[in-house]
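Visitor: Take this structure, written in structure tokens, and hold onto it; I'll ask about it next.
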Amino acid sequence: MAKIKNTACVILAAGLGKRMRSSVPKVLHKISGKAMIEYVLDIVRPLGVKPIIVVTGRNGAEVRRFVKAAMTAGQKKPLGSADAVMAAKGALAGFGGDVLVLCGDMPLIRRETIQLLINRHKDAGSSCTVLTTRVKDPSGYGRILRDDDDNITRIVEESEASLYDKVINEINTGAYCFASKDLFEGLRKIKADNKKNEYYLTDIIEVFKKRGLKIASSGTVDEDEALGINSRRELAKAEGVIRERAIDKFLRAGVTIIDPLNTYISADCVIGGDTVIRPYTIIENDVKIGAGCLIGPFARIRSGAELADGVEIGNFVELTRSDIGRGTKIKHHSYIGDSLIGKGVNIGAGTITANYDGKNKNKTVIKDGAFIGSGTIFVAPVTVGKKAVTGAGSVLTKGTKVAEGSVVAGVPARALKSGRRRRG
């Protein structure tokens, strides 16, 4: 992907989210394990736009922890979207390029859509390019008003819209690209002469029209991209869209998902071809699964798990922060956390790695070809050698090291006198 040059980005993340009825800043509410603001940042960073300025509000300290390398600017009072963009002016001092403006509560917008918006803006040589879409129900969105020549003349907010305006189904998504000089000159001319006594960024369209500046538009046919999250219901809708996109991505990549409606897979997982995901399986973010695996039903693969090719994970198995080697089987009712498991290991039903001692998460290591009897409990840290065996119901206490090829059993587990397993 070619990097976009001479373009900065301002992300508006100062909204209080009153309709969310939460003390958590709106843009930090999570969808598929990631905060909304993280989705927006993940969209723009690969494009090469810089600097990226995130405008924060009253809960700025909490938001800043999520923005990593991006700059932040504070909006002192919640005086509207135009005032929020103006708060980024200091961070763009001396910058003469274009400014991409996005909302931090739009996690469904696609990178390709933003790239098209920026390209359209640069090709048209416009002072402002607005991303629009047409929706079945435009309630709650700013309407796009055009003249007889199809030029945008105004964006009217829902609270200010007439009955005639409200039937218009072309809406403002909240994404724009501006020539920076025209943007900040225009912001100074916006007035808070509306029902909310706020400075609306959408009013800059009329300011530009009066100055004879060029206004262009770019469109998207996917109305889901325009969804701004302002309520728990919209949050749930966005979760559904992200989930559906993830399922579709994996299906197209050669993964079999037997029952997509009853399977949850985080969008940022990596899953190899010919893997089969059975119903009621949950695969969380930051998980890697190899090719030809068999997962579920009723399995939960948590963050930090990495499964090599040909692994089988059965019903009611939970994995977290663990590496599972090629061809290993964990078939029933087990918890495997903070573990390093080798190739060709068989983990019996009811196996537990007791990884947490109240202070630290400790490691269990099970080497290639080991056979773990049903109901074995590992009080980590524990190491099991290659081709070793644990008897059913064994408890391997903290610090235990099972020799290669040996057999241990009991509570606590001890080596059996018969010693090594016969080979050959």
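Visitor: What does the convex hull of the Cα atoms come to per residue for region 372-420, in Å³?
Guide: Roughly 55 Å³ of hull volume per residue.
Visitor: Right, here's the next one. Quick one: plug the Kirkwood hydrodynamic radius of region 330-390 (C-alpha pairs) into Stokes-Einstein at 37 °C, 0.692 mPa s, and report D in µm²/s.
Guide: Roughly 291 µm²/s, to the nearest whole number.
Visitor: If you don't mind, another one. Measure nothing fancy, just the Cα-based angle from helix 232-252's long axis to the longest principal axis of the chain, in degrees from 0 to 90, nearest 10.
Guide: Long axis of 232-252 versus the principal axis of the chain: about 60 degrees.
Visitor: While we're on this one: Give the residue from LEU131, GLY375, GLY272 lying farthest towards the positive end of the charge dipole for the chain; charges sit on Cβ (+1 for Lys and Arg, -1 for Asp and Glu) and the dipole is referred to the Cα centre.
Guide: Result: GLY375.
Visitor: Straight-line reach from LYS136: which aspartates and glutamates have a Cα under 18 Å away, not including same-chain ones fewer than 8 places off?
Guide: Straight-line reach from LYS136, under 18 Å: GLU157, GLU158, ASP165, GLU170, ASP222, GLU223, ASP224, GLU225, GLU234.
Visitor: If R₀ is 25 angstrom, what is the calculated FRET efficiency for the pair ASN262 and ALA236, using the beta carbon separation as r and rounding to 0.05?
Guide: So the FRET efficiency works out to roughly 0.90.
Visitor: Specify the inter-centroid distance of region 63-130 and region 378-396, based on alpha-carbon positions, in whole Å.
Guide: Between the Cα centre of region 63-130 and that of region 378-396, the gap is 55 Å.
Visitor: At 4 °C and 1.567 mPa s, grab the translational diffusion coefficient of the chain from Stokes-Einstein with a Kirkwood Rh over Cα pairs, rounded to a whole number in µm² per second.
Guide: D, rounded to a whole number, is 53 µm²/s.
Visitor: Plugging the Kirkwood radius over Cα pairs into Stokes-Einstein for region 232-420, at a temperature of 37 °C and a viscosity of 0.692 mPa s, what D comes out in µm²/s?
Guide: 194
Visitor: For a quick size check, give me the Cα extents of region 7-226 along its three principal axes, largest first, whole Å.
Guide: Answer, in whole Å and largest first: 47, 39, 33 Å.
Visitor: In a solvent-free Debye calculation with one equal scatterer on each Cα, what is log10 I(q)/I(0) for region 159-294 at q = 0.10, 0.19, 0.21 Å⁻¹, listed in the order of the q values?
Guide: Each listed q maps to, in turn, -0.58, -1.11, -1.28.
Visitor: Now a separate question. Residues in region 343-369 near a label at THR397, defined as backbone nitrogen under 20 Å from the 7 Å Cα→Cβ point?
Guide: 352-360, 362-365, by backbone N distance to the label point.
Visitor: On a 0 to 90° scale, report how tilted helix 111-124 is relative to the longest principal axis of the chain, with both axes built from alpha carbons and the result rounded to the nearest 10.
Guide: 30
Visitor: Also: Give me the number: length gained by fully extending ASN360 to TYR280, i.e. 0.36 nm times residue separation minus the C-alpha to C-alpha distance, one decimal in nm.
Guide: 25.7 nm
Visitor: Based solely on its DSSP helices, what 222 nm [θ] is calculated for the chain when runs of n ≥ 4 H residues each add -39,500 (n - 2.57) and the sum is averaged over all residues, nearest 500 deg cm²/dmol?
Guide: Helix contribution divided over all residues of the chain: -5500 deg cm²/dmol.
Visitor: Continuing with this model, one more query. Antiparallel DSSP bridges in region 7-226: what percent, to the nearest 5?
Guide: Within region 7-226, antiparallel bridges account for around 45 percent of the total.
Visitor: So for each of 105-112, 139-146, 257-264 I average, over its residues, the number of other beta carbons within 10 Å; can you give me the resulting order with the highest mean first?
Guide: My ranking of the peptides, most packed first, is 105-112, 139-146, 257-264.
Visitor: Could you give the length gained by full extension between ASP222 and SER159, i.e. 0.36 nm per residue of separation minus their alpha carbon distance, to one decimal place?
Guide: 20.2 nm
Any read-out appearing in this document is the output of simple, stated calculations on the displayed coordinates, not a laboratory observation. Because the structure is predicted, anything quoted here is derived from the model rather than measured. Backbone-built Cβ (ideal geometry, glycine too); neighbour counts: all protein chains shown.
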